[in-house]
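Have a look at the structure below before the remarks.
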Amino acid sequence: MDGAKTALTGKAGKLRNGLAEEPKPAAGRTFSLQKWTFVPGILFFILWEAFSRINESVKLFNPNFLPAPTALLQEAWELARTGIIAESILSSTIRILLGFVIGSAAALALGVIMSKYKSVEFWFSPVLNLVGPIPALALLPLFIIWFGIGEFPKVLLIAWTTFIPVLVYTLDGFKSVPSTLIRSAMSLGASERQIFARVMLPSALPNFLVGAQVSLGLSFSALIVSEMMGAKSGLGYIIVDARNYFKISNMFIAIILIGLEYSLFSYLLKLVERKVMAWRKGGIRDAVEK
């Protein structure tokens, strides 16, 4: 009996040691998907090019309705030489930056106030629930009537579209702060300002960044909608002008540029999140050793 117990104990020890000393794969063998993020995009354009060229031969539908990417590159080069693309990208970038920053900052400020004062949340929540679901397209005509067709209504529409999602996520972040952390800080003699800066804000910051990421796509939608009504420059304006003169290639060029600009902004936002939230670990990717 003692011999069996000793054998079992020895096997358990070997098993523990084996799990603890499990060899890690070599760094060169580790396959990182981050190095290949460009492959799906390249494959998409290759398939697009092949389908467009086949359609030009078999005439499944009018080839002008779906130009090949190589043809779009030639047309984009001609537009770039005239300065239209650079001017449009600059105009759209300025508008989206102003609206996105203003909307996010206002949402963060109101989220702090609503999380601190229940009376403010009591009065603001019903109003936000009422006007929050209204799409940007429905508000744009009112903004134009109220403020004209200048830059202010466009930036205001983008800011409003950004404001609602960021506020919802930020408020949820402040409400999700564990009460034990707040009590621990109070027991250590932390002031109200220190509790907010050292406990509540870091805990709510991930939610704020998620809300910013969600609202980014909505902000670009508001940008294009605003530029398609009463604008003289911008990527949305290129689409409207192309529609009026049946320049389908210009439409595709503007659409691709919108996608590229959104991808760039989304990447920068994720980069900021990765830098600011470097301390945050979790999920299966961090649980499983590579």
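The values are calculated or read from the model by the stated rules, or taken from the named source; none is laboratory data. Treat the numbers as computed from the prediction; the structure is a model and nothing was measured. Note: ideal-geometry Cβ built from the backbone for every residue, glycine included; neighbour counts use all protein chains shown.
Considering only residues of the range 106-146 that are closer than 18 Å to Gly236 by Cβ and assigned to a helix (DSSP H, G or I), which is nearest to the chain's Cα centre (by Cα)? Here the answer is Ala136. Considering every residue within the range 140-148, establish whether at least one is under 23 Å from Glu227 (Cβ atoms) and crowded, with 18+ Cβ neighbours inside 10 Å. Yes, the range 140-148 contains at least one residue that is under 23 Å from Glu227 (Cβ atoms) and crowded, with 18+ Cβ neighbours inside 10 Å. Among the residues making up the range 34-59, a single one is part of a helix (DSSP H, G or I), polar (S, T, N, Q) and closer than 24 Å to Ser266 by Cα: Gln34.
Within the range 147-186, the set of residues being in a helix (DSSP H, G or I), without any contact (Cβ under 8 Å) to a residue 24 or more places away in the chain and out of contact with any Pro (no Cβ under 8 Å at 6 or more places or on another chain) comprises Phe152, Ser179, Thr180, Leu181, Ile182, Arg183, Ser184, Ala185, Met186. The requirement of being touching a residue at least 60 places away in the same chain (Cβ under 8 Å) and over 27 Å from Met251 (Cβ atoms) is satisfied by Gln213.
Set side by side, the residues Thr82, Thr161 differ, and just one is β-branched (Val, Ile, Thr) and crowded, with 19+ Cβ neighbours inside 10 Å, which is Thr161. Taken together, Tyr267, Tyr169 contain a single residue that is out of contact with any Leu (no Cβ under 7 Å at 6 or more places or on another chain), within 28 Å of Ile94 (Cα to Cα) and surrounded by 17 or more Cβ atoms within 10 Å (Cβ to Cβ), which is Tyr169.
Of everything listed in (1) more than 30 Å from Gly150 (Cα to Cα); (2) surrounded by 11 or more Cβ atoms within 10 Å (Cβ to Cβ); (3) more than 26 Å from the chain's Cα centre (by Cα), the single unmet condition for Lys59 is (2).
Residue check: Gly189 meets all listed conditions (1) at pLDDT below 90; (2) in a helix (DSSP H, G or I) but one, namely (2). Comparison of Ser215, Ser233 shows that the only residue that is over 21 Å from Thr37 (Cβ atoms) and outside any helix (DSSP H, G or I) is Ser233.
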